[in-house]
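As structure tokens, the structure follows; a few thoughts come after it.
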Amino acid sequence: MSNTKPTLVILAAGLGSRYGGNKQMDSFTPEGDIIIDFSIYDALQAGFGKVVFIIRKSFEKEFKLIFNKKLAGKLHIEYVFQELENVPKKYVNPERVKPWGTGHALLMLKEVVEENFAIINADDFYSRQAFNVIAAQLRNTDKNSYDFSMVGYSLKNTVSDNGYVSRGECTVNKKGFLTDVTERVRIEKINGTLKSKDEYENMNPIDENTTVSMNFWGFTPKCFEFGAELFLDFLENNRENLNAEFYLPTIVNKMLASKKVSVKVLASDSKWFGITYCKDKKTVQEEINELKKTGVYPTKLWG
């Protein structure tokens, strides 16, 4: 049982190449709310006490201008930088523009997070219910244990009508624990059927009720024992690949393989929504407008 409030970590260093802009900072309501606002608001209601933003130095000023004022006195804020040069010198490639991925981002947290924490994407709307279930789980987990968790979603609730998405396909045992997560970098609706690309570039049907990870993980500080060595192997094997990314599920599979770790899958029936493509924006605006209209969120989130 953890006495301290859990921390929320937000993965916000990505560039949003398919969206065509910095979607982390894009406004979705007449009041100027961005997607992250709703995640932080839900986390506060659920009892989180600190937020850590993983960002790039190139938009540090912009981020601090927005959030330091908005969240002053509400919860503790910290910033961690995920830069291309946060790797051993021999792997720094001046031609690379893309961050090293969500797995690399996790490795950046070791010095600032000492309590149980949840980690999320900046551009996904997860729902209040998801924050409540993971907050309860983190509060009831010993911070010295290897008892991790994740919020699982039904694939059908997480796809975009405007193009393909990447998802972590999860294998869950009868007791509700994760046994494997496979990063599927291309899942899309083709003639009304959901299909996923395999390692041989073939598109195969995938069950719409498959449990997927939306990068909403719950960890104790013990998670930092994993991943560093794996990342060095990844760098060695991808020296020439300027777009290769080190994904968080890669570390999770390493954790599971160690047999030390368990990952409890917390179910969410909520419909996720997010912004992979520019065309997704209108749908997200309509969904958020409806949630404000029905009183789930106040018109002005931060008063």
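Just so you know, all these numbers are worked out from the coordinates, no wet-lab data involved. The model shown is predicted, which means the values in this text are computed figures rather than measured ones. Cβ atoms come from the backbone with ideal geometry, glycine included; neighbour counts cover every protein chain shown.
Multiplying the sequence separation of LYS293 and PHE81 by 0.36 nm and subtracting their Cα-Cα distance, what value in nm do you get?
Difference between extended and current length: 72.7 nm.
Take the residue pairs LYS57/LYS260; LYS57/LYS197; LYS5/LYS70; LYS195/LYS282; LYS64/LYS98; LYS89/LYS222 and return only those whose Cα atoms are more than 29 Å apart.
LYS57/LYS260; LYS57/LYS197
Let me check against my output: what whole-number percent is the relative contact order of the chain, with C-alpha pairs under 8 Å and at least 6 apart?
The value is 25 percent.
Round to a whole angstrom and tell me the spacing of the C-alpha centers of segment 143-197 and segment 259-303.
Cα centroid of segment 143-197 versus Cα centroid of segment 259-303: 17 Å apart.
Let's test the formula: R0 of 22 Å, r as the Cβ-Cβ distance of THR182 and THR283. What FRET efficiency results, to the nearest 0.05?
So, using R0 = 22 Å, E works out to roughly 0.20.
If you bin every alpha carbon distance in the chain into 10 Å steps from zero, what whole percent lands in each bin?
Going from the shortest bin to the longest, the percentages are 6, 27, 38, 24, 5, 0.
Extent of segment 217-287 along each principal axis, from alpha carbon coordinates, in Å, largest to smallest?
44, 36, 17
Give, in nm to one decimal, the length gained when the segment between LYS259 and LYS271 is fully stretched (0.36 nm per residue of separation minus the Cα-Cα distance).
1.1 nm
How many times 2.2 N^0.38 Å is the alpha carbon radius of gyration of segment 1-151?
Cα-based Rg divided by the globular estimate yields 1.07.
To the nearest 500 deg cm²/dmol, what mean residue ellipticity at 222 nm is calculated for the chain from DSSP H runs of n ≥ 4 alone, each contributing -39,500 (n - 2.57), summed and divided by the residues?
-7500 deg cm²/dmol
Using the Kirkwood radius over C-alpha pairs as Rh, can you work out the diffusion coefficient of segment 83-201 via Stokes-Einstein at 20 °C, viscosity 1.002 mPa s, in µm² per second?
122 µm²/s
Convert each backbone phi in segment 42-51 into a coupling constant with the Karplus relation 6.51 cos²θ - 1.76 cosθ + 1.60 (shift: θ = phi - 60°), then list the ³J(HN,Hα) values in order as whole Hz, x for Gly and Pro.
5, 5, 4, 4, 7, x, 6, x, 8, 10
Taking the Cα centre as origin and putting +1 on Lys and Arg beta-carbons and -1 on Asp and Glu beta-carbons, what dipole magnitude results for the chain, to the nearest 20 debye?
540 debye
Would you mind computing, in nm to one decimal, how far apart the modelled labels at ALA244 and VAL92 are, each placed 7 Å from Cα along Cα→Cβ?
1.9 nm
Let's see if you can work this out: charge +1 on each Lys and Arg Cβ, -1 on each Asp and Glu Cβ, no other charges. What is the dipole magnitude of segment 50-156 about its Cα centre, in debye to the nearest 20?
300 debye
Hey, can you grab everything whose amide H is under 5 Å from the amide H of VAL9? Only 5+ residues off in sequence or another chain; H modelled, so Pro and N-termini drop out.
VAL52, ALA118, ILE119, ILE120
Give me the extension gain from MET25 to MET203: residue separation times 0.36 nm, minus the current Cα-Cα distance, reported in nm with one decimal.
60.7 nm
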